[in-house]
1. Can you sort 199, 44 from fewest to most other Cβ atoms within 10 Å of each residue's own Cβ?
2. Classify the stretch 181-229 from the C-alpha gyration tensor, please: rounded if a/c falls under 1.5, else prolate or oblate depending on whether a/b exceeds b/c.
3. Taking amide H positions as placed in the peptide plane 1.01 Å from N, state which residues far from residue 67 in sequence (5 or more) or on other chains have amide H under 5 Å from it.
4. Looking at the chain as a GNM with Cα springs under 10 Å, which of 80, 197, 48 has the largest mean-square fluctuation?
5. Cross-link candidates for residue 57: which aspartates and glutamates have Cα within less than 17 Å, leaving aside residues fewer than 8 places away along the same chain?
6. From the helices alone, meaning DSSP H stretches of at least four residues, give me the mean residue ellipticity at 222 nm for the chain, per-run term -39500 (n - 2.57), in deg cm²/dmol to the nearest 500.
7. Quick one: Cα centre-to-centre distance for the stretch 1-72 and the stretch 136-190, in angstrom?
8. Residue by residue through the stretch 146-153, what is 3J(HN,Hα) from phi via Karplus (6.51 cos²θ - 1.76 cosθ + 1.60, θ = phi - 60°)? Round to whole Hz and write x for glycine and proline.
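The numbers here are math on the coordinates, done by the rules we state, and not lab data. Worth saying up front: this structure is predicted, and the values here are computed from it rather than measured. Here the Cβ is made from the backbone with ideal geometry for all residues, glycine too, and neighbour counts use every protein chain on show.
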Amino acid sequence: TATWLPKTFIFTDGEDEALAKHTGNVVNTNCSAAHSRQALSCKMAVEYDRFIESGRKWFCHVDDDNYVNLRALLRLLASYLHTQDVYIGKPSLDRPIQATERVSENKVRPVHFWFATGGAGFCISRGLALKMSPWASGGHFMSTAERIRLPDDCTIGYIVEALLGVPLIRSGLFHSHLENLQQVPASELHEQVTLSYGMFENKRNAVHVKGPFSVEADPSRFRSIHCHLYPDTPWCPHTAIF
């Protein structure tokens with residue numbers, strides 16, 4: 001908590017006094033708690049606006065079921081300039097998504113583009129984020145999402161790829177619960193930017209890593225992963241041998 005937590009903003013759809021007291025940077029989006037297209041886009045719109053306000057160099061969106069390896073993330077971003085057009089992440093589909101774009105009240109046209117799945121996390125440079133402003137700032141993100149009737153992560157891809165013509169940079173270092181996480185080798189964990197957990201084909205889906213915590217105590221394996229990567233963390237059992 002002495003390093004990055006005080007600088008971390010947690011976006012939520014409800015009041016959480018305990019969390020706010022602990023971190024001090026809880027942003028209540030006042031969006032619906034539903035997992036609907038509109039609710040997700042509402043939250044992404046608030047995140048985007050807060051990023052633009054902040055003056056920071058990189059906008060990285062991750063879900064609450066992601067583990068973020070900050071060392072690997074910083075290493076990845078250091079190979080790009082924040083002033084350039086950078087949209088980096090991992091697609092969940094093996095082809096561009098097909099959508100119908102509402103051009104006017106009674107006119108639509110087909111559109112296709114790649115998008116980085118929000119479930120694995122993605123990053124956008126400040127230079128690109130500023131160019132997205134006409135379709136993303138203020139209330140525009142919500143209306144842009146309605147134009148193609150797709151969720152928040154698809155809408156980001158639509159703005160970047162279809163409207164601005166900037167291609168997605170694919171990275172295999174981002175991971176969502178939509179892939180088999182047991183295929184991520186423990187020997188390569190230090191290189192991965194994001195990891196996830198959940199269910200995959202009706203089975204528990206998590207990174208296979210030996211560690212000081214049992215599966216019952218650490219079902220996501222995030223604590224075990226963290227102690228594998230950062231063994232000097234005060235709460236990691238120091239007798240553990242990996």
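1. Going from least to most buried by this count: 199, 44.
2. Oblate is the answer for the stretch 181-229, as a/c is 1.5 or above yet b/c matches or exceeds a/b.
3. 195, 196
4. Highest fluctuation among the options: 80.
5. Hits, sequence-local ones excluded: 47, 49, 85.
6. That comes out to -7500 deg cm²/dmol.
7. 16
8. Working through the residues one at a time gives 5, 4, 10, 6, 10, x, 4, 5 Hz.
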